[in-house]
Each structure stands twice: as structure tokens, then as C-alpha cells.
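Chemist: I am attaching a structure below and will ask some questions about it afterwards.
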Amino acid sequence: MKKKKEIISSARIFIITMIGCLLIASAAFAAEKGTAKEAQDLVAKAVAYYKAEGQERAFASINDPKGQFTKKDLYVFVFDFNVVCLAHGANKALVGKNFSELKDSTGKPFAKEIVDGAKSKGKGWVDYNWTNPQTKKIEAKSSYYQKDGDLVFTCGIYK
């Protein structure tokens, strides 16, 4: 009888420990998602760096996936007014690609909408679906954009 109580007690401790580990892991995963404010701050930081250091150094820094313009699941990317990607913090292979005809999984030409919004309003948000580089799944995304000259600095949050 004593052994049976010890086994039940050990099982309870194990289950409680596992639940605690799952709660901690869930909190850690949730903390890896960037916020809207963090996305706006990252864009502002990229624009300031671009103005201080010039295009070559700024784009090299933005293209570095472990650099100062990536944080949690956030990364900065830059379009010109022709919707050509000039820098991309999550996928350097997209640099030089024209996104003007690119549509998300629902058919929305989101990149063109970002650039058009930047031209007309200067800054704002666009909602669309995009592959999250961390999960490799298509997820709802909202990207903040800010115009500087003829460039559009952008950073999105996965919802």
C-alpha cells in the first residue's frame, strides 16, 4: 500500500512539473511575437539609421537576419516606388524582386497596397496573409509602413 501511494505521489509531482513546463514554454513562445509598437519602433530605427549611415550600410544591416533590424518574429523590409524589394531582413533572396504583381493567399496585391499607401498617406498599416519564416505557415499579418523619400520602410506583425 505504501509503494502504491509513493507511485501516485510521484506521478502527481511529474504531472504538475510537466504542466508547469508547458505553461513556461507557452509564455516563452508568446513572448517571441512582436507587437505593433515594436514594429513601428523598428521601422523608425531603420529610417533613422538610413538617414545617418546611407543606403548601402542601412540595407546591409537590414539584410542581416541576426542584425539590429530583426527582433523576435519582426523584420524590416524596404520597397522602392516601383514595388521592388531593396532590403529584406528575413529572406535576402527576395532582394531585387518586383512585388508589384505579387498577391497573398487571398489574392490581395499587398505590396502594391503598401507602396500606394506610402505614396498617398506617408505611413499606415496593411493587412494580408504571408508565410511566417519561424512557423513556415501562412498567417494573418499586418505591416506598418513609413515613407522616406522614394523608399518605403516596412515591418509586419503576425497576428
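Chemist: Return the pair list, or none, for Cβ contacts closer than 9 Å from residues in segment 72-87 that are more than 16 Å from Lys119 (Cβ to Cβ) to residues that are assigned to a loop (DSSP other than H, G, I, E, B) and of a type in the set (Asp, Glu), at least 6 apart or on different chains.
Modeler: Lys72/Glu32; Asp73/Glu32
Chemist: What are the residues in segment 117-139 that are part of a strand (DSSP E or B) and either touching a residue at least 12 places away in the same chain (Cβ under 8 Å) or on the phi > 0 side of the Ramachandran plot (or both), if any?
Modeler: Lys123, Gly124, Trp125, Val126, Asp127, Tyr128, Asn129, Trp130, Ile138, Glu139 - these are the residues of segment 117-139 that are part of a strand (DSSP E or B) and either touching a residue at least 12 places away in the same chain (Cβ under 8 Å) or on the phi > 0 side of the Ramachandran plot (or both).
Chemist: Residues being under 25 Å from Gly54 (Cα atoms), surrounded by 15 or more Cβ atoms within 10 Å (Cβ to Cβ) and among the charged types (D, E, K, R): count how many of those fall in segment 113-139.
Modeler: In the first step, residues of segment 113-139 are kept if they are under 25 Å from Gly54 (Cα atoms); the result is 114-124.
Within this subset, residues satisfying the condition of being surrounded by 15 or more Cβ atoms within 10 Å (Cβ to Cβ) are 114-118, 123-124.
Within this subset, residues satisfying the condition of being among the charged types (D, E, K, R) are 116, 123.
Here the count works out to 2.
Chemist: Moving on. If we keep just the residues of segment 140-159 that are without any contact (Cβ under 8 Å) to a residue 40 or more places away in the chain and surrounded by 18 or more Cβ atoms within 10 Å (Cβ to Cβ), which is nearest to Ala44 (Cα to Cα)?
Modeler: Going through the qualifying residues, I end up with Lys147.
Chemist: Does Phe153 satisfy the criteria of being farther than 22 Å from Glu32 by Cβ, at pLDDT 95 or above and either assigned to a loop (DSSP other than H, G, I, E, B) or within 18 Å of the chain's Cα centre (by Cα) (or both)? Spell out how you get there, then give the answer.
Modeler: On the way: farther than 22 Å from Glu32 by Cβ: yes; at pLDDT 95 or above: yes; either assigned to a loop (DSSP other than H, G, I, E, B) or within 18 Å of the chain's Cα centre (by Cα) (or both): yes.
It is true that Phe153 is farther than 22 Å from Glu32 by Cβ, at pLDDT 95 or above and either assigned to a loop (DSSP other than H, G, I, E, B) or within 18 Å of the chain's Cα centre (by Cα) (or both).
Chemist: Turning to a different aspect of this structure: Would it be correct to say that Val95 is in contact with a Ser or Thr (Cβ under 9 Å, 6 or more places away or on another chain), assigned by TED's automatic domain parsing to the domain that holds Thr154 and touching a residue at least 24 places away in the same chain (Cβ under 8 Å)?
Modeler: no
Chemist: Take the conditions over 14 Å from Leu42 (Cα atoms) and β-branched (Val, Ile, Thr) and apply them to Val115. Does it pass?
Modeler: Yes.
Chemist: Take residues that are in contact with a helix residue (DSSP H, G or I) (Cβ under 7 Å, 6 or more places away or on another chain) and at pLDDT 95 or above and tell me which of the helices (runs of 4 or more DSSP H) falling wholly in segment 1-91 contain 2 or more. Give the steps one after another, and end with the answer.
Modeler: Working: elements: 2-31, 36-53, 55-62.
In segment 1-91, 36-53, 55-62 are the helices (runs of 4 or more DSSP H) which contain 2 or more residues that are in contact with a helix residue (DSSP H, G or I) (Cβ under 7 Å, 6 or more places away or on another chain) and at pLDDT 95 or above.
The values are calculated or read from the model by the stated rules, or taken from the named source; none is laboratory data. Computed from a predicted structure; not experimentally measured. Quick reminder, even Gly has a Cβ in these numbers, built from the backbone with ideal geometry, and neighbours come from all protein chains shown.
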